[in-house]
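Everything below concerns the one structure shown next.
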There are 2 protein chains.
Amino acid sequence: MRDDLLTLRGMRNILPREKAKINKIESEIRRLFKVYGFKEVETPTIEPLELFELKSGEEIRHRMYRFTDLGGRNVVLRPEVTASVAKLVVQEMRSMPLPIKIGYILNVFRYDEPQHGRYREFKQGGFEIFGSKSPLADAEILEVSSRLMDSLGIGNYYVKIGHEGVLRAILTRFGVEENIQDRVLGLIDKEKLSEAFEILASLQKGVEVTELIKRLWEIKSRNPAEALRKAEAVVKDIPEAIEQLDNLREIIELAQASGVGEVIVDMGFARGLDYYTGMIFEVYVKDLRIAVGGGGRYDKLTGILGWDIPAVGCAPGIDRLSLVLNDDIVPKDDIICLIISMVKEGDLLASRLAGMMRARGIPTMVDPTRRDLNKALSYASKRGFKYVAIIGSKEVENKVVTLKDMEAGSQEELKPEQIVEKLSQYSI
Amino acid sequence: MRDDLLTLRGMRNILPREKAKINKIESEIRRLFKVYGFKEVETPTIEPLELFELKSGEEIRHRMYRFTDLGGRNVVLRPEVTASVAKLVVQEMRSMPLPIKIGYILNVFRYDEPQHGRYREFKQGGFEIFGSKSPLADAEILEVSSRLMDSLGIGNYYVKIGHEGVLRAILTRFGVEENIQDRVLGLIDKEKLSEAFEILASLQKGVEVTELIKRLWEIKSRNPAEALRKAEAVVKDIPEAIEQLDNLREIIELAQASGVGEVIVDMGFARGLDYYTGMIFEVYVKDLRIAVGGGGRYDKLTGILGWDIPAVGCAPGIDRLSLVLNDDIVPKDDIICLIISMVKEGDLLASRLAGMMRARGIPTMVDPTRRDLNKALSYASKRGFKYVAIIGSKEVENKVVTLKDMEAGSQEELKPEQIVEKLSQYSI
């Protein structure tokens, strides 16, 4: 193939086996939408540039697919979905009773350096609850993230939980402005702690703020009560931070009551998106040490868009989950019967039988190759088809079809109606 | 909301009711993938510009979303899927036995003037058969297009069938080059007949070619045999065209044997995509006179990409189908039980019960608003929830939950385990 036609770097063709895994994950996410009462929506792939300049974080802003459309507008391919869904809710749902629970499954685009399992176009599912400040809502988001892992049969995971509200309360107490907070938390997210501290030092707010952040950063524990106790000791003089810690405690207790999986509290944990204001989390698969999803509370995003309501949500990474998931969840080849017309005069009967079978929902293929019967049979056997329906001159004459049971090796002559009846147990 | 943040012109938010309809159509298409043995794939949204400059047709080329990416490549958002899928097959499937049957459900992008029901981003399903010249393959594509309508309960449709092979055979006979053929057929597609004839006249190939095309153009009939007879009379001196007509006759006979719906043969019918070489068709809903899908044979496209195999396929338009489809295929609200925690001390029990219910797959919501009980009950009644589980101080003390049957009006105190058992019949 000409080089200039090849699939672009960082993009990929998703082949049938992988697509079947992705479909399996998506249908599980859709089942959870129903079990938890989330309503699925879809936002446009192409959005105004300005939407993602609000609060998506510097990291993402620099890696957006942006261009000018034929109408001269500056547009981007959505680099994440939460801002789009928040806009949808503000634009279209202001008359609905709160809380509003929204789900989505959409592709997102980031011009990142491609790596194993990381593409420039990838898939996110999402669960978002708008209009509730209650820790019950945060806990539900943790619960559904955990439930998705359980229902996909991925047992070896843990949920890392932190709270940007605690970090922001400290920074606010020492007079650090919100846009600087965003930058500091962004650096902490990328584990660039010393750069974050340099910024704080340059503000000349004293060494205490750096000291407090550093001490929180060191608190990581599988025992949430212990982590929270230690954190309280660190921020004991900042009532706003204590309040945020109480919020985190309540969320974790509720989430654990609802059956969330193993929890690790990480007090120095931050996420790269600027809109988080409270509890944040990521779900990790243990051995692989990769995050397969995450989320958190973002109480100020919809306010910027014109409707000031609190919100909390999460976004399972569908491609990441597919990487982790065992191949054996992909169902086997579903075709039950291959129809082979050995002579041209048999084609009409083959078409009629095929039409009857498919109208009944019985997975059926017609072999259009007119190859040697033995070759056709060996193809059917290799693909694991249960039956082969053979139409030769004799069958055309007698208006019957020879149905061969590939497992038993037996065969019988039947009318088309009889074949449909016999195989109707396989209809889908 | 700030004007510059609003959803772009021609783009749209798909709200829950519409999304549920689209999901219903998509799952029906996926069921047909299995019944007919098509394997689903996904191609990248972003492709090299050159791919769609090959054979997509002038009409589409002028309305593509094209831009330069951060790496300096000229790229486009796919304006149609067939070229991408053909590339996928050539790049990734050369070692597979033929025929290769591929399905897809993907978004496409065209910078068209927005109209009612026409957006700049829309959804196509697709069924493509690679590697078979047999009329059985063409007939199968007609059959599956028709089956989709039947299985969605859309009865009032017809299939308009033509054959670009017949038109191209005539043009070739009179020495019209392929790229001029593409332009002429493109104009015929847009019913700009006189412009098409002007081009032919300018070539000075004589008046006969125009005359033949004009006479074919007039042949439209619900009786395929009649239409084919008339067409044969027109092209009787051009054996290559007669051969193409025989091909069309065979395809229609096979498709009718397999149960395809009402057929109208239209000998002057052409489609705007340059890659068609044989049978072409569109599916119309009668009263609305809108095409909800179409397709045809394109035997030369993969050859340009480096693997010369014949192909035939179709692309149902999912948004168009949704316009036609009755709203009542959307399932009702699925939540079975609303859990109301009236006191803060009840939240843990509410979380525990919710977790147990959802782990069992019973659609359950927790009311996070702590509103007045009567308001919560009236909300539950309005949404049509079957049960409400109430947790107040008394319930917390006795470790029970009051379950109210919203239809019967009755209520009873139960342990969480008993509620899960009682409602497990609703699990999904």
**Along principal axes, Cα extents of chain B, largest first, whole Å** = 97, 52, 44
**Message:** What percentages make up the Cα-Cα pair-distance distribution of segment B:224-311 when the bins are 10 Å wide from 0?
**Reply:** 14, 41, 35, 10, 0
**Asked** Between A:ILE251, A:ILE336, A:ILE290, which gets the highest mean-square fluctuation from a Gaussian network model of chain A, Cα cutoff 10 Å?
**Response** A:ILE336
**Prompt:** From the cross-link list A:LYS332/A:LYS375; A:LYS87/A:LYS192; A:LYS101/A:LYS286; B:LYS332/B:LYS404; B:LYS220/B:LYS300; B:LYS24/B:LYS123, which pairs have alpha carbons spaced over 25 Å apart?
**Reply:** A:LYS87/A:LYS192; A:LYS101/A:LYS286; B:LYS220/B:LYS300
**Prompt:** Plugging the Kirkwood radius over Cα pairs into Stokes-Einstein for the protein assembly as shown, at a temperature of 25 °C and a viscosity of 0.890 mPa s, what D comes out in µm²/s?
**Reply:** 82
**Request:** Considering the rotation that carries chain A onto chain B, locate the chain A residue whose Cβ comes closest to its axis and report the distance in whole Å.
**Result:** A:PHE67, 2
**Message:** Taking B:ILE199 in one copy and the same position in all the others, each labelled 7 Å out along Cα→Cβ, what are the pairwise distances from the first, in nm, shortest first?
**Reply:** 5.8
**Message:** Taking the number of other C-beta atoms within 10 Å as the exposure measure, put A:ILE390, A:ILE199, A:ILE29 in order starting with the fewest.
**Reply:** A:ILE199, A:ILE390, A:ILE29
**Mean projected area (nm²) of the alpha-carbon convex hull when segment B:306-353 is viewed from all directions** = 9.3
**Message:** Pick from A:ARG370, A:ARG168, A:ARG120 the residue whose mean-square fluctuation is largest in a GNM of chain A, springs joining Cα atoms under 10 Å.
**Reply:** A:ARG370
**Message:** Between 0 and 90 degrees, rounded to the nearest ten: what's the tilt of helix B:208-217 against the longest Cα principal axis of chain B?
**Reply:** 30
**Prompt:** Is segment B:2-151 rounded, prolate or oblate when judged by the Cα gyration tensor, a ≥ b ≥ c being the square roots of its eigenvalues, rounded requiring a/c under 1.5 and prolate requiring a/b larger than b/c?
**Reply:** oblate
**Debye equation applied to the C-alpha atoms of segment B:337-426, log10 I(q)/I(0) at 0.15, 0.22, 0.24, 0.26 Å⁻¹** = -0.47, -1.10, -1.33, -1.56
**10 Å beta-carbon shell around A:SER341, net charge (K/R +1, D/E -1)** = -2
**Prompt:** Given +1 on the Cβ of Lys and Arg, -1 on the Cβ of Asp and Glu, and no further charges, what dipole in debye does segment B:33-89 carry about its Cα centre, rounded to the nearest 20?
**Reply:** 120
**Request:** Tell me which residues come under 5 Å, amide H to amide H, from A:TYR157 once H is placed; ignore anything under 5 positions away on its chain.
**Result:** A:LYS286
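Stokes-Einstein diffusion coefficient for segment A:13-62 at 25 °C in a medium of 0.890 mPa s, Rh from the Kirkwood formula over Cα pairs: what value in µm²/s?
It diffuses with D of about 175 µm²/s by this estimate.
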**Prompt:** Between B:ARG73 and the same site in the other copies, what are the distances in nm, shortest first, taking label points 7 Å from Cα along the C-beta direction?
**Reply:** 2.6
**Message:** Taking beta carbons within 10 Å but only from partner chains, what does the mean come to for residues B:69-79?
**Reply:** 3
**Message:** Considering all alpha-carbon pairs of segment A:153-221, what whole percent are spaced by more than 21 angstrom?
**Reply:** 25
**Fill in**
The distance between the Cα centres of segment B:209-274 and segment A:209-232, in whole Å, is 78
**Request:** Compute the separation of the alpha-carbon centres of segment A:285-346 and segment B:290-322 and state it in Å as a whole number.
**Result:** 27
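Within a 10 angstrom radius of the beta carbon, how do A:HIS62, B:HIS163, B:HIS116 rank from fewest other beta carbons to most?
B:HIS116, A:HIS62, B:HIS163
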**Request:** Name the residue, out of B:LEU185, B:LEU70, B:LEU88, whose mean-square fluctuation peaks in a Gaussian network model built on chain B with Cα pairs under 10 Å.
**Result:** B:LEU70
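To the nearest whole number, what is the average tally of beta carbon atoms from other chains within 10 Å of the beta carbons of peptide A:355-368? Walk me through the numbers before you get to the answer.
Working: counts 12, 3, 2, 11, 7, 1, 6, 1, 6, 3, 7, 12, 4, 14.
Per-residue shielding by partner chains comes out at 6.
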**Fill in**
The alpha-carbon center of segment B:95-121 and that of segment B:356-409 are separated, in whole Å, by 44
**Item:** Taking chain A and dividing mean pair separation by its residue count, relative contact order in percent (alpha carbons under 8 Å, at least six apart)
**Value:** 16
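Residue by residue through A:94-105, how many Cβ atoms from other chains fall within 10 Å of the Cβ on average? It would help to have the intermediate numbers written out before the result.
Details: counts 0, 0, 0, 5, 3, 5, 0, 2, 2, 2, 2, 1.
The shielding value for this peptide is 2.
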**Distances in nm from B:SER424 to the matching label points in the other copies, shortest first (labels 7 Å along Cα to Cβ)** = 3.3
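Throughout, read-outs are computed from the coordinates displayed, never taken from laboratory work. Keep in mind it's a predicted model, so treat the numbers as computed, not measured. Here Cβ is always computed from backbone atoms with ideal geometry, including for glycine, and neighbour counts include all displayed protein chains.
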